[in-house]
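Have a look at the structure below before the remarks.
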Amino acid sequence: MAHALEHRNAAAEGSQREVMAGTLAEKVWDAHVVRRAEGEPDLLYIDLHLLHEVTSPQAFDGLRLAGRAVRRPDLTLATEDHNVPTTPGPITDPVSKIQVETLRRNCEEFGVRLYPMGDADQGIVHVVGPQLGLTQPGMTVVCGDSHTSTHGAFGALAFGIGTSEVEHVLATQTLPLKPFRTLAVNVRGELPDGVTAKDIVLAVIAKIGTGGGQGYVIEYRGEAIEALSMEARMTVCNMSIEAGARAGMIAPDQTTFDYLRNRPHAPTGADWDAAVAEWTSLRTDDDAVFDAEVDLDAAELTPFVTWGTNPGQGLPLSASVPDPEEFADESDRLAAANALAYMGLEPGTPLRDIKVDTVFVGSCTNGRIEDLRAAAAVVQGHRVADGVRMLVVPGSAKVRLQAESEGLDKVFTEAGAEWRLPGCSMCLGMNPDTLAPGERSASTSNRNFEGRQGKGGRTHLVSPLVAAATAVRGTLSSPSDLDSASRPHGQLASATTGEA
Amino acid sequence: MDAFTTHTGIGVPLRRSNVDTDQIIPAEYLKRVTRTGFEDGLFAAWRKDESFVLNNPVYAEGSVLVAGPDFGTGSSREHAVWALMNWGFRVVISSRFADIFRGNSGKQGLLTAIVSQDDVELIWKYLENNPGTEISVDLVARTVHAGEIVAPFEIDDYTRWRLLEGLDDIGLTLRHEDLVADFESHRPSHKPVTTPA
């Protein structure tokens, strides 16, 4: 945000701040500056601080050692997600148990609201915040978790922080931050049927690379983005970090307001009107300039899958496993060769021929109700292929209840899938849900790193639609590969269009 | 964070370069839920070797680590700084530090003093000839005193000021608590709180 810094300096000198154009990210930043001084980072106010059991213990311990309190427990919320089992019963892993128990003790001691396992509002931290209406446009949101970028879908400036920063926010409700640069990702035109938010973001990462967003806050723009539901927008912003970006944002609009209205923590009455008036102004000015821009044509996008061991190693499902020799760049060539060796893949193999053992539907990327509806619509009337295990893990207890009220759990279990309790689960395998060495998954999660889903496990990142079709056929597939004649009716299937 | 002006303590000569944070504390020691107790993982792999410097009882109370160039490279884990401080180190001397490690050290109050490699060699020889002897680090004068040796060291002005004042990032921010309170008094009433609606 080099030019944003110029704006800020101008503002600090009392010059024409109001008439200068700004991007959405800059406007949210500027509205949260508590202190600005020459040669020092800006001190930014944090509107919402989310906590979970893995990255918070040392932060609380630091407060305790320094004799400090949590400044704003009323702007702080904790949930148990990374370690929790998704089958009924207590935590059996001793390390996980200690982390969860420590969070409970810390929340009690410091007066922080916690949604523990079994609570009606428990779930993955990035599913819980939006679902409660706590994530709102124009806010600053932080969490000791890189996928905090999810909340940017509401036009919030939301990013992951380290443990010392968690402690800093707990103690002061602020963070000293160096400015970001701004990157516009323009997705123009209309998405074809069966192409979803996950396909957009996988295509973006494949295009700009896992380091392409480094130092930037991305703003996703264009007709295809505006047409997305809130849940789909969260999927896109969630994976901004996989392109190396600090955060991803989408300007709030009527879709955002409609999602928020009547949520438990959304404003009401006169506050609602005041909020909407403010939120409506949160748009990048027409004459604002981004530090960089990337364009994608939505009409050219197709279902996307990863073949390698980082999220940038992806291709359309219709493609074949690439030949490392064909990469022009030396380090790309080496990375591809290493990835194929780890993944156990031969160059030239059609991606559709890759057979999987496990299908995982869930995570903060794709564990929301629309994702489950989309996957259910595809498997309905089919059976999960022999030898394939399909795990469906709702992103929160509320998502699970909603899905059950719609009968989605029955659709999954009748097809032979496992219907689980909410949590991060196989996305990172900190709980017992892991791949065995050499096992291969089609996963709606966000990272296909070596060993991420279990030591030696091989991960293909996919959308919920592709995950579900893959479960039915046993090889990487899209819903169009399924024999539609075998379905009893097409009612649920029609609900998939434009969703997920 | 305690203020740092001068420190006198036993110098520990670590004749190694490129000491990465995986060596300072291996990943298997990162599961603890406190910020204390990481001394058990400090240089865990190297401590299995009986001849490793920290296994010599004269260095048990060591508090000034004198290391080779490029100290603290690799993973950003803050646990590396915690482990050194939990052991009892207040100062690390090297001719070059990795950026992230140096930043993390500044946050926690561990002084990273940049001394020329020629002077590091002199201090190493002095400590090896006088095992268990104390050396002094003067942050006001930016000098290291080891016997007759007086070696100047570099540290950036901002970090030096924070260490002299005993201000960690949180302490610094709390100096502006009035500005935070003022900002809070102007926040719109429609902003959400996490307490029951």
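The values are calculated or read from the model by the stated rules, or taken from the named source; none is laboratory data. Please read all numbers here as calculations on a predicted model, not as lab measurements. So basically every Cβ, Gly included, is an ideal-geometry build from the backbone, and we count neighbours across all protein chains shown.
Okay, residues lined up against (1) under 18 Å from residue A:200 (Cα atoms); (2) part of a loop (DSSP other than H, G, I, E, B):
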| position | (1), (2) |
| --- | --- |
| A:446 | yes, yes |
| A:453 | no, yes |
| A:456 | no, yes |
| A:469 | no, no |
Where the second residue is buried (at least 23 other Cβ atoms within 10 Å of the Cβ) and among the acidic types (Asp, Glu) and the first is within 12 Å of another protein chain (Cβ to nearest Cβ) and lies in region A:67-84, which pairs have Cβ atoms under 7 Å and are six or more apart or on separate chains? A:75/A:47; A:83/A:53
Long-range neighbours under 8 Å by Cβ, at least six apart or interchain, first residue assigned to a helix (DSSP H, G or I) and at pLDDT 95 or above within region A:414-436, second of a type in the set (A, V, I, L, M) and buried (at least 24 other Cβ atoms within 10 Å of the Cβ): A:415/A:379; A:415/A:390; A:415/A:471; A:415/A:472
Could you tell me whether region A:206-214 includes any residue that is modelled with pLDDT of 95 or more and crowded, with 23+ Cβ neighbours inside 10 Å? no
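One line per residue, one yes/no per condition, for (1) closer than 23 Å to residue A:174 by Cβ; (2) touching an Asp or Glu at 6+ places or on another chain (Cβ under 9 Å); (3) among the acidic types (Asp, Glu); (4) not in a helix (DSSP H, G or I):
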{"site": "A:26", "(1), (2), (3), (4)": "yes, no, yes, no"}
{"site": "A:34", "(1), (2), (3), (4)": "yes, yes, no, yes"}
{"site": "A:39", "(1), (2), (3), (4)": "yes, no, no, yes"}
{"site": "A:83", "(1), (2), (3), (4)": "no, yes, no, yes"}
{"site": "A:87", "(1), (2), (3), (4)": "no, yes, no, yes"}
{"site": "A:105", "(1), (2), (3), (4)": "no, no, no, no"}
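Kindly establish whether residue A:149 is in contact (Cβ under 8 Å) with a residue 60 or more places away in the chain, within 30 Å of residue A:64 (Cα to Cα), touching a Ser or Thr at 6+ places or on another chain (Cβ under 8 Å) and assigned to a helix (DSSP H, G or I).
It is true that residue A:149 is in contact (Cβ under 8 Å) with a residue 60 or more places away in the chain, within 30 Å of residue A:64 (Cα to Cα), touching a Ser or Thr at 6+ places or on another chain (Cβ under 8 Å) and assigned to a helix (DSSP H, G or I).
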Selection status of residue B:187, within 14 Å of chain A (Cβ to nearest Cβ), under 15 Å from the mean Cα position of the chain (by Cα), of a type outside the set (Ser, Thr, Tyr) and not in a strand (DSSP E or B): no
For region B:1-14, which positions are surrounded by fewer than 14 Cβ atoms within 10 Å (Cβ to Cβ) and among the aliphatic types (A, V, I, L, M)? B:3
Hey, any hits in region A:57-64 for a residue that's crowded, with 23+ Cβ neighbours inside 10 Å and under 23 Å from the mean Cα position of the chain (by Cα)? no
Every listed condition ((1) at negative phi; (2) within 14 Å of another protein chain (Cβ to nearest Cβ); (3) over 19 Å from the mean Cα position of the chain (by Cα)) holds for residue A:179 save (2)
Only one of B:91, B:150 that is touching a strand residue (DSSP E or B) at 6+ places or on another chain (Cβ under 6 Å) and surrounded by 21 or more Cβ atoms within 10 Å (Cβ to Cβ): B:91
Selection status of residue A:470, surrounded by 24 or more Cβ atoms within 10 Å (Cβ to Cβ), among the β-branched types (Val, Ile, Thr), at pLDDT 95 or above and within 23 Å of residue A:368 (Cα to Cα): yes
Is it the case that residue A:203 is among the small types (Gly, Ala, Ser), within 30 Å of residue A:369 (Cα to Cα), assigned to a strand (DSSP E or B) and touching a strand residue (DSSP E or B) at 6+ places or on another chain (Cβ under 6 Å)? no
Just checking, how many residues over region B:161-184 are more than 7 Å from chain A (Cβ to nearest Cβ) and more than 24 Å from the chain's Cα centre (by Cα)? 5
Failed condition for residue A:140, given (1) closer than 28 Å to residue A:445 by Cβ; (2) away from chain B (no Cβ under 12 Å): (2)
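Counting just the residues of region A:145-172 that are in contact with a strand residue (DSSP E or B) (Cβ under 9 Å, 6 or more places away or on another chain) and surrounded by fewer than 24 Cβ atoms within 10 Å (Cβ to Cβ), which one comes out nearest to residue A:424 (Cα to Cα)?
A:146
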So which residues in region A:89-103 are part of a helix (DSSP H, G or I), of a type in the set (S, T, N, Q) and more than 9 Å from chain B (Cβ to nearest Cβ), if there are any at all? A:96
Subset of region A:287-317, residues small (Gly, Ala, Ser), crowded, with 22+ Cβ neighbours inside 10 Å and not in a strand (DSSP E or B), comes to A:308, A:312
Residue B:135 more than 17 Å from residue B:9 (Cα to Cα), in contact with a Ser or Thr (Cβ under 9 Å, 6 or more places away or on another chain) and in contact (Cβ under 8 Å) with a residue 12 or more places away in the chain: no
Here the residues within region B:15-46 that are crowded, with 22+ Cβ neighbours inside 10 Å and within 19 Å of residue B:92 (Cα to Cα) are B:19, B:21, B:24, B:25, B:38, B:41, B:42, B:43
Select from region B:94-120 the residues that are surrounded by fewer than 16 Cβ atoms within 10 Å (Cβ to Cβ) and either without any contact (Cβ under 8 Å) to a residue 12 or more places away in the chain or within 14 Å of chain A (Cβ to nearest Cβ) (or both) and list them in ascending order. B:99, B:118
Name the single residue, out of those in region A:41-66 being more than 8 Å from chain B (Cβ to nearest Cβ) and over 30 Å from residue A:116 (Cα atoms), that is modelled with the lowest pLDDT. A:41
Top-ranked residue in region B:153-197 [being at pLDDT 90 or above, closer than 18 Å to residue B:90 by Cα and among the aliphatic types (A, V, I, L, M); ranked as surrounded by the fewest Cβ atoms within 10 Å (Cβ to Cβ)]: B:164
I need the full set of residues from region A:75-97 which are modelled with pLDDT of 90 or more, surrounded by fewer than 19 Cβ atoms within 10 Å (Cβ to Cβ) and closer than 20 Å to residue A:60 by Cα, in order please. A:97
From A:273, A:285, grab the single residue that is at negative phi, modelled with pLDDT of 95 or more and within 14 Å of chain B (Cβ to nearest Cβ). A:273
Mind checking whether some residue in region A:115-137 is closer than 29 Å to residue B:101 by Cα, modelled with pLDDT of 95 or more and not aromatic (Phe, Trp, Tyr)? no
Would you mention how many residues in region A:230-286 are part of a helix (DSSP H, G or I), charged (D, E, K, R) and buried (at least 20 other Cβ atoms within 10 Å of the Cβ)? 3
Tell me which helices (runs of 4 or more DSSP H) are completely within region B:68-145 and hold 1 or more residues being among the charged types (D, E, K, R), or say none if there are none. B:99-108, B:117-129
